[in-house]
Amino acid sequence: VMSATESTIPSSNSTQYTVHKGDHLWKIALAHYGNGFAWTKIYNANRKLIGKNPGVIRAGWELTLP
């Protein structure tokens, strides 16, 4: 069993992002990649933490931005 921390260990070319209240994957992707459609990259890199519903992320989570 992996913890949330173990499932989001960043590779050398990724960035960690702490989710803030009101954030959603589109907003994070737009801010970090300049393209909201890149939300799928964030979701796929953090699928174990986020779970089946990419529309629900929680403040305080540490996401890996590939």
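Each value in this text was obtained by applying a stated rule to the coordinates, not by laboratory testing. Just so it is clear, the structure is predicted and the values come from calculations on it, not from any experiment. No Cβ is skipped: glycine too gets one built from the backbone with ideal geometry, and neighbour counts run over all protein chains shown.
In this structure, the amide hydrogen of residue 65, modeled 1.01 Å from its nitrogen in the peptide plane, lies closer than 5 angstrom to those of 15, 16, 17, counting only residues at least 5 positions away or on a different chain.
When the charge dipole of region 19-60 is built from unit charges on Cβ atoms (+1 for Lys and Arg, -1 for Asp and Glu) and taken about the Cα centre, the candidate among 35, 57, 25 whose Cα reaches farthest toward its positive end is 57. Along region 17-27 the Karplus relation, 6.51 cos²θ - 1.76 cosθ + 1.60 evaluated at θ = phi - 60°, assigns HN-Hα couplings of 10, 8, 5, 10, 4, x, 6, 8, 4, 4, 4 Hz to successive residues, with x for each Gly and Pro.
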